[in-house]
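Notes for the one structure printed next.
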Amino acid sequence: MIPVLLLAFGACIDHDDFDIVGKVVDYEPCQSAYEVGYAVSLSSPDTIGKRYQTQGGIWYDNVVMVYGADRLLHPGDSISGRIYLDPNFSKTECMYHFDRDVPEAVFTKIKKL
């Protein structure tokens, strides 16, 4: 029984998540058409993202690619929530990889505004 408990405790990872507010500006596939990363242009915090060009050719500032949404989002959706940064998420979790110079993150909480 003790080895099982140790394994269970070892699986718990505490992430330093933080609040965000922003707008979905694009998406890119991760594993399938339903598992995607969302390019979110953040209004808060305003210093962690990078410049990003959408599939439609529009440039946005302060963008973070966020994975793990528990609902379908669309470009133009205003959102708030919590995320934690994970710089290797797409390399370790996605079938499709994009060479984007934007930070990667994971949702821990999300709300459409």
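The values are calculated or read from the model by the stated rules, or taken from the named source; none is laboratory data. Every value quoted in this text rests on a predicted model; they were computed, and no experiment measured them. When we count neighbours, we look across all protein chains shown, and the Cβ atoms used for this are built from the backbone with ideal geometry, even at glycine. Ligands, DNA and RNA are stripped out before the accessible areas are found, and what is left, the full protein with its side chains, is counted by its heavy atoms. Shrake-Rupley method; radii C 1.70, N 1.55, O 1.52, S 1.80 Å.
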Query raised in the report: Averaged per residue, what accessible area in Å² does the chain show with a 1.4 Å probe, protein chains only?
Result: 64 Å²
**Report entry** Alpha-carbon Rg with Dmax, taken over region 10-65, Å
**Finding:** 13.3, 44
Report task. Determine the dipole magnitude for the chain: charges of +1 sit on the beta-carbon of Lys and Arg, -1 on that of Asp and Glu, nothing else is charged, the reference point is the Cα centre, and the result goes in debye to the nearest 20. Result -> 240 debye
Query raised in the report: What value, in deg cm²/dmol to 500, does the helix sum -39500 (n - 2.57) over DSSP H runs of n ≥ 4 give at 222 nm once divided by the residues of the chain?
Result: -3000 deg cm²/dmol
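Can you tell me how much longer the chain between L113 and I48 gets when fully stretched, taken as 0.36 nm per residue apart minus their C-alpha distance, in nm with one decimal? Don't jump to the answer; show the numbers that get you there.
Details: separation 65, 0.36 × 65 = 23.40 nm, distance 2.13 nm.
That works out to 21.3 nm of additional length.
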Query - Within the accessible area of the chain (1.4 Å probe), percent carbon and sulfur - result: 55 percent
Query raised in the report: Per the Kirkwood treatment, what hydrodynamic radius in Å, one decimal, follows for region 63-113 from the mean inverse distance over all distinct Cα pairs?
Result: 11.7 Å
Query raised in the report: If the viscosity is 1.002 mPa s and the temperature 20 °C, what translational diffusion coefficient in µm²/s does Stokes-Einstein give for the chain when Rh comes from Kirkwood over Cα pairs?
Result: 146 µm²/s
Requested in this report: On a C-alpha basis, how far is the centre of region 36-72 from the centre of region 96-113 in Å? Whole number, if you could?
Outcome: 7 Å
